[in-house]
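What follows is a short report on a single structure.
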Amino acid sequence: MPIYLSTVEEGRSNEAQRTMIAECITEVHVDVTGAPAQFVNTFFQERADEEGGFRELPKGKVIFVNGNIRFGRSAEAKAEMVERITQGVVAALDCQREEVGITLNSGPASHGMEGGQILPDPGSPEEKAWKEMEHA
Amino acid sequence: MAKYIATIQEGHPAQSIRDELASGLKAVAEGALGDDPATTDVVWKIIPKGFGWTAGRPSNSSVLLCVVSEDLQFKARANFMSKVNDLWVSKTGADPNELLIYTQGTTL
């Protein structure tokens, strides 16, 4: 975790653009939260579905980024992430910022497992050890 | 009633053994949560090549979202996720670091 699932209009992005967006999301998440990059997952899909948060892209949007992160991030941190990711997506897709939708959902860390280990809460002593684990 | 939403990338070993994995996941839900396999759903989302990244690089990571009871306590939740993890890793041969399991009461 985190998982960023981006629903993008069919045919609207190429691999280079998706790479730019994935790199942007990863950089911003790591920069703002301090989480290791190897835990940042970014997926794209061209067909909206319930699991992506909606049945179709909201009207006027060419992309909608649905981010799922751990509880414990401040409102300021989330606002910064939204702004910087929006800027990155606008640059990558050469679109208007109004065409970019983004939401960040938070869930309890203890509800997740990665590398066979329960995810620690942000800022907890367990997180320090978790970050030091080798996740090649 | 449990539900799994398994997001895998095209070509992942799980893709060719989806039925076997689905049976195993239903058995885990039955054993760990007491859920009837007949009412447990497994939904597969196949992400095309070039649509998945980890750490900003193309990856082979998978995500298993598990919809379970909201009031599932920590110990039971951890036990359930461990069993899902063990099943997935043993059946697919995947690196556990390439699998994220998340449990929640409703879908995303």
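What follows is calculated from the coordinates using simple rules that are stated; it is not laboratory data. None of these values were measured; they are calculated from a predicted model. Cβ atoms come from the backbone with ideal geometry, glycine included; neighbour counts cover every protein chain shown.
Can you tell me how many residues within the stretch B:25-49 are within 14 Å of B:L65 (Cα to Cα) and of a type in the set (D, E)?
Residues that pass the stated criteria total 1.
With respect to B:S62, is the statement that it is more than 7 Å from every other protein chain (Cβ to nearest Cβ) and either acidic (D, E) or surrounded by 18 or more Cβ atoms within 10 Å (Cβ to Cβ) (or both) true?
So B:S62 fits the description; yes.
Being part of a loop (DSSP other than H, G, I, E, B) and under 16 Å from B:V63 (Cβ atoms) is the filter here; which residues of the stretch A:91-135 pass it?
A:G115, A:G116, A:L119, A:H135
Which residue is nearest to B:A6 (Cα to Cα), if the candidates are limited to the stretch A:34-50 and must be out of contact with any Phe, Trp or Tyr (no Cβ under 8 Å at 6 or more places or on another chain) and surrounded by 19 or more Cβ atoms within 10 Å (Cβ to Cβ)?
Ranking the qualifying residues of the stretch A:34-50, first place goes to A:F39.
Pick out the one residue from B:I46, B:I17 that is β-branched (V, I, T) and either part of a helix (DSSP H, G or I) or buried (at least 20 other Cβ atoms within 10 Å of the Cβ) (or both).
Only one candidate passes the filter, namely B:I17.
A:V30 fails exactly one of the following numbered conditions: (1) touching a helix residue (DSSP H, G or I) at 6+ places or on another chain (Cβ under 6 Å); (2) crowded, with 18+ Cβ neighbours inside 10 Å. What is the number of that condition?
(2)
So A:A77 clears everything in (1) in contact with a strand residue (DSSP E or B) (Cβ under 9 Å, 6 or more places away or on another chain); (2) surrounded by 15 or more Cβ atoms within 10 Å (Cβ to Cβ); (3) in contact (Cβ under 8 Å) with a residue 40 or more places away in the chain; (4) under 21 Å from A:S124 (Cα atoms) except one condition, right? Which one?
The number of the failed condition is (1).
Checking the structure you have, find out if any residue of the stretch A:52-60 is under 29 Å from A:P120 (Cβ atoms) and either free of Cβ contacts under 8 Å to residues at least 12 places away in the same chain or of a type in the set (A, V, I, L, M, F, W, C) (or both).
no
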